[in-house]
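Worksheet: one structure, shown below.
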Amino acid sequence: MLRGYADVHVPFPIVQGLRTRGMDVVTAQQRGQQRADDDILLDQALQDQRVMLTCDHDFLRLAAALSSQGKRFAPIYFWRQQGRSIGEMIRRIFREANQGDYESACSRVYFL
């Protein structure tokens, strides 16, 4: 199973639910990076071989910019804040995190 790195926009009940199901998830707050720029968070996720968990649209712009430059980046699991329950998001993230290996997931955005 892939490991996750949750940015500050991810509701903590999602983090807790993923951990309860056995997913290794760290948060930007835990790492003292709650004020860090998104590119720093994404670089950290790549270094740690974690998927970036976010509902922040800025990560979509960052992924597009990195992709157009041919640069590798951590996989991004993105979802809209409204419209889905916490339980549904936990299930979607968990299911996706069990699909493949980290290397093949890199430099992609997964719309959950």
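Quick rundown of the values:
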| item | result |
| --- | --- |
| Surrounding net charge for LEU42, when Lys and Arg each add one and Asp and Glu each subtract one, Cβ distance under 14 Å | -2 |
| Under 5 Å, built H, 5+ apart or other chain: amide partners of ALA74 | LEU46, SER107 |
| Once exposed loop trypsin sites (Lys or Arg not before Pro) are cut out (DSSP; at most 15 other Cβ, 10 Å), longest piece of the chain | 36-70 |
| Selection from GLN16, LEU53, SER107, by position along the positive dipole direction of the chain (Cβ) | GLN16 |
| Debye, to nearest 20: dipole size of the chain, +1 on Lys, Arg Cβ, -1 on Asp, Glu Cβ | 340 |
| Relative contact order (%) - the chain, alpha-carbon pairs under 8 angstrom, separation at least six | 33 |
| Environment charge at GLU88 (Cβ cut-off 13 Å; Lys +1, Arg +1, Asp -1, Glu -1) | +4 |
| Global geometry of the chain, whether rounded, prolate or oblate, following the gyration tensor of its Cα atoms and the 1.5 cut on a/c | rounded |
| Positive-pole candidate from MET89, ALA63, LEU2, dipole of the chain, charges at beta carbon | MET89 |
| Net charge of Cβ neighbours under 13 Å - reference HIS57; Lys, Arg +1; Asp, Glu -1 | -2 |
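Coordinate-derived values only; no laboratory data. As the structure is a computational prediction, the values presented were derived from the model and not from experiment. Counting neighbours? That spans all protein chains shown, and the Cβs are built from the backbone with ideal geometry, glycine included.
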